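Each remark here refers to the structure printed beneath this line.
The values are calculated or read from the model by the stated rules, or taken from the named source; none is laboratory data. A quick note: this is a predicted structure, and the numbers were derived from the prediction, not measured. Virtual Cβ from ideal backbone geometry, glycine too; neighbours counted across all protein chains shown. Remember, those area values only see protein heavy atoms, side chains included, never the ligands or the DNA or RNA. Shrake-Rupley method; radii C 1.70, N 1.55, O 1.52, S 1.80 Å.
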Amino acid sequence: MWFAITLTVVMGVSFFLMKNVKGGPFDSERALEPAIEANLNARYHLDWPLWRQFLHYTGPLNLDEKGWFGEGELAGSQPLGGVLTGDFGPSFRYRDFTVNDIIGQSLPISALLGTVAMMWALALGVSTGIASALRRGSGVDLALRLAATGGIALPNFVIAGFLIIAFVFLVPLLPVAGWGSLREMLLPGFCLGLVYAAYISRLTRTGMLEVLSQDHIRTAYAKGLAPRTVVMRHALKGGLLPVVSYLGPATAGILTGSLVIERLFFIPGLGLHFVNSASNRDYTLAMGVTILYTVLVYTLNTVVDLAYTLLDPRIDLAEEA
Amino acid sequence: MAALSPESVRQGLAVGLLGLVLAGAVRLASGARLEPADLVFNNGTEVQTLDPASVTGVPEGRVVRALFEGLVVKHPRTLEPLPGMAERWELSEDGRTWTFWIRDGAEWTNGDPVTAEDFVYSFRRFLHPSTAAYYAYQLWYVRGARAYTRLPDELFYANSASGCWLSRTEDGFIRIGAQEYALAALADDAVLELDAVTGRLAAGAGELTLPAGSSLGALRPGPASGRRAAALRGAPYEATGDGEQGSWLAETAAPVSEAAWQELLDSGALLDGPAFRTQVVEPELLGIRSPAPGVLEIELNAPTPFFIDLMGFYPTFPVNRRCLEEAQARWPDRWEIEWVRPENIVTNGPFRIAERRVNDRIRLVKNETYWDADSVALGSIDVLAIEQDSTMLNMYLTGGCDVIDRVNTNVVQELMGREDFQPTAYLGTYFYRVNVTKAPYDDPRVRRALALVIPRREICEQVMKMGQQPCFSLSPPGIGAYLPPTMREGDLEEARRLLNEAGFPGGEGFPPIEIHYNTSEAHASIAQVIALAWQDALGIRTKLRNEEWKVYLDTQFNLRYDVSRSAWIGDYGDPNTFVDLMVTGGENNKTGWGDPEYDRLVAAAAVELDAEARLELLRQAEALLMEALPILPIYSYVTQNVVAPRLGGFEPNVLDEHFPKFWYWMDDAELAARRSAQPAEWRQVAPHGPAEGLYSPAQQRARAEAR
């Protein structure tokens, strides 16, 4: 099973890389008394050899309990526990929460924000992409392509800054930050979606141009179908293929949040943890989000493969049969 | 894949997406239920934990002070101790025993009365190694407390205060050492030696006892045998280690069988770690007792004048024993996380916790059973975890937040002069550590030359801009009666002359200095200003090296730097919190510097009864430091709070500690009165809060009477 192998490799590499970075979760400006530091390390098993920590964390052996294995290094071990049973352990930084609690609280928020962003991105991206493709070479095409390039080139916190000035301070329409109501989602969703919109727009344009030049489209026009029908029913399906393959990893990225947008709009999502957990040396949380991301990317890529069969008849084995 | 029909895939996708959106919507709905709080303040980050014993930071302190209350509370402006859970207290003649009388009628949120036993339990828990409290050393002033934290539970102990510890190695040998309490009772020069015939350990002036009736057979000396008690005190429990290592005194000549060892354990002559704690240490050796109901007695190693301040310091706040023990019974493997959940935690402070969302907010509501609930005005408080400077300021400016705790230096110019932004002195200093173990920084003349040319005024006025003050000592000004000794003044000429004398005329031959700091805009700007000054004034070339926070700490701790950016914020209002840093080998020294005379002065100050003489000793110590200059002082801190003008009871103080218990909203009349009393040039801004104010029941009565 490729999935299991990928996951094991990802876990192994990130675990050992992380543990080899200097500094630990308990370091602070105030150096700890050695006796107290030893107590802390013992409580979180950081005094164990790395291989044993890894086994304990990933879960083939739950080394916490007494019993099962008799003598030697593994005395007191028990099989199963840790990640294998879905337990990501306690967080080092947020000591009142388990990693499961944190992901459980913040993933839905990031996912909802991501969904709003994706809606913005798809609505803007696909419509401008189609418009661009249909009026190839015109002023509209040029303007839209410029805007798309701008959307990719400009960092979203710059755009967010302008939008906050415009819609919060100049025209007080929207709240400046926070999370809890639909109004609070509009700005961050838009800012987060903009880059994706720009990519989608370009991909749609390319895809549509390719499809529009194909025989079956010409046939459709020749049959006298309305241009609208041709575009929406025949061209769009094929033209969206590159967008769909881009959507897999993009969705994984967008659903797991964005550090910049979440910090700027004070949204308690998952994006914060991707960077912060590493700089805090919050080993368990960093591993948790890494594993989650791996699983999401893997799943969504599979979903994309499946979606291909819906959009391109040539790939769909089921229908051919 | 072929088995999946497009319909089912489409349905699956739709269901999956719908599920996500629904989950979000449910969270959203649950969020919408929260009524706006009476007051919202930004805490700057998510707190690490609500467990008072485990917290260390400023943000944690703010929340813990609202939820819990210690023996004393602090006056919001002067920080003097006021009665809290203790109604009154008394210090013995010799300055070493504090007695506290616990208030009648103080209650936990689960209805239990707050008792002296609660404090005994909480202090023991705070010190216990399995709690692994960062700040445990703050209570090490208590007799026997240090050894209590360091006592390993996995060893076995003779049933006596002056006894040995024993442990059985993997191959069956039994090792014997002297436990820390026994070592402490021996004279410094007592030589620990094993009497091979009687199996007794003679120890000069004192004697160590082996468990009665122990038949261990012949003994042979271990690596620590023959060493002096004083030399062993640092690490009495190193049972493992072969040959020369370890601190054990003797070992059985032959392996002891499992059965014989078991027999020894069963005989009752030996106690395991936990039993030794409860049967010997806690009743006899640890200076924390409740001699009568409602009375708490704490015995110290030496008079410690600031001990009473520590009783108002949040790590010493009590926890509810029943709450913890029920959690331990119910969730044996994750009670540490369960007991602090809002639905489980039991507190005794002015507020209780209603809701907590990670990285979002903590909702506090007034605790109606708090003993002084009559003086609490606010019914609910939201504590936000905004980390981004610009976001918190935006929130404040749009009314979403009433107090923020810091501002970015970029916007200081705009904010200066507003009535809601008035920085005041803060008990912290910014300085550079110098690695004195490395040439040429081992030469005090070089360090003094470097210190003399730092452009402190330029840094304060052009980089920091908030009113930070140039600083010429380790401890900042403003600690009560203590006037810190400053480094001797000197001019550019002197700096050049010193460098010349040190063998680097005009900076010639001086290796480039690497200025080490953690990644941050402000630290980089300051380093650039100083680098330029060293270059221009002394002709020394400099390099800048910035490192990510944790790596920076590691580098500094291991002395792999030339000059390293540092800062220290006082824990309590006493110069000891600064001067104590630089004792030889201290964990926070991090310069390699040491001076026996300095250590002697600091140690003498710790046992000095007379307050004035004590400050004088600390002053002499710091004067030595300012002569040697292993640290180059730069500036002293100011607070950066932006506070809604209508908010009352938020007093400036040197520790920048604030107490929601005293906060209230002024009505328009009181606000107008306050504004007329403040300097006319302060710019008035939106006051936040309700126009009719929000007062505590006690304040309402007083106001009614006044009318």
Exercise. Count the DSSP beta bridges whose two residues both fall in the protein assembly as shown, then state the antiparallel fraction as a percent rounded to the nearest 5.
Key: 85
Quiz prompt | Peptide ranges A:176-188, A:281-293 listed from the most packed, as the mean C-beta count within 10 angstrom indicates | solution = A:281-293, A:176-188
Quiz item: When ranked by the protection proxy of mean other Cβ atoms within 10 Å per residue, highest first, what sequence do the peptides A:30-39, A:160-169 form?
Solution: A:30-39, A:160-169
Quiz item: Tilt of helix A:283-311 relative to the longest C-alpha principal axis of chain A, in degrees (0 to 90, nearest 10)?
Solution: 30
Quiz prompt | Cα-Cα pairs of the range B:273-418 separated by more than 24 Å (percent) | solution = 59
Quiz item: Excluding B:N159 itself, what net charge comes from residues whose Cβ is under 13 Å from its Cβ, given Lys and Arg +1 and Asp and Glu -1?
Solution: -1
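Just from its helices, what would the mean residue ellipticity at 222 nm be for chain B, if runs of 4 or more DSSP H residues each count -39500 (n - 2.57) and the sum is divided by every residue, rounded to the nearest 500 deg cm²/dmol?
-8000 deg cm²/dmol
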Quiz prompt | 9 Å beta-carbon shell around B:N588, net charge (K/R +1, D/E -1) | solution = -1
Quiz prompt | Formal net charge of residues neighbouring B:P59 (Cβ-Cβ distance under 9 Å; K, R +1; D, E -1) | solution = -2
Practice problem: Note the angle between two axes, namely the Cα long axis of helix A:139-153 and the longest principal axis of the Cα atoms of chain A, as a number of degrees from 0 to 90, rounded to the nearest 10. | Solution: 10
Quiz prompt | Burial order of peptide ranges B:430-438, B:167-175 (average beta-carbon count within 10 Å, highest first) | solution = B:430-438, B:167-175
Quiz item: Buried accessible area for the B:A pair, summed, 1.4 Å probe, in Å² rounded to 100?
Solution: 5900
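Restricting things to Cα coordinates, could you compute the convex hull volume per residue of chain B in Å³?
248
Given +1 on the Cβ of Lys and Arg, -1 on the Cβ of Asp and Glu, and no further charges, what dipole in debye does the range A:101-320 carry about its Cα centre, rounded to the nearest 20?
That gives the range A:101-320 a dipole magnitude of about 740 debye.
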Quiz item: Using only the Cα atoms of the range B:267-317, what do you get for the radius of gyration and for Dmax, in Å?
Solution: 14.7, 46
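In µm²/s, what is D for the range B:371-463 at 20 °C and 1.002 mPa s, where D = kT/(6 pi eta Rh) by Stokes-Einstein and Rh is the Kirkwood radius from Cα pairs?
It comes out at roughly 120 µm²/s.
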Quiz item: Of the GluC sites (Glu not before Pro) in the range B:468-522, which ones lie in a loop per DSSP and count no more than 10 other C-beta atoms within 10 Å?
Solution: B:E489
Quiz item: Roughly what angle does helix A:182-212 make with the longest principal axis of chain A, taking Cα atoms, 0 to 90 degrees, to the nearest 10?
Solution: 50
Quiz item: Using just the C-alpha positions of the range A:101-320 as equal point scatterers, what log10 of I(q)/I(0) does the Debye formula give at each q in 0.08, 0.10, 0.13 1/Å?
Solution: -0.35, -0.54, -0.84
Quiz item: Given the pairs B:K550/B:K661; A:K22/B:K590; B:K550/B:K590; A:K19/B:K543; A:K22/B:K543, which span a C-alpha to C-alpha distance of over 24 angstrom in this model?
Solution: B:K550/B:K661; A:K19/B:K543
Quiz item: Using alpha carbons only, what's the Rg to Rh ratio of the protein assembly as shown with Rh from Kirkwood?
Solution: 1.01
Quiz item: If you project the alpha carbons of the range B:111-185 onto their three principal axes, what span does each projection cover, largest first, in Å?
Solution: 52, 27, 24
Quiz prompt | Average partner coverage of A:88-99, which counts Cβ from other chains inside 10 Å | solution = 5
Quiz item: Which of A:A147, A:A250, A:A121 moves the most in a Gaussian network model of chain A with Cα springs under 10 Å?
Solution: A:A147
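Across peptide A:262-268, how many C-beta atoms of other chains are within 10 Å of each residue C-beta, on average?
Counting other chains' Cβ atoms within 10 Å and averaging over A:262-268 gives 6.
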Quiz prompt | Calculated log₁₀ intensity ratio I(q)/I(0) where the Debye formula runs over C-alpha points of the range A:139-257, q = 0.11, 0.12, 0.19 Å⁻¹ | solution = -0.53, -0.61, -1.05
Self-check item: Partner chain coverage, peptide A:34-44 - average Cβ within 10 angstrom
Solution: 6
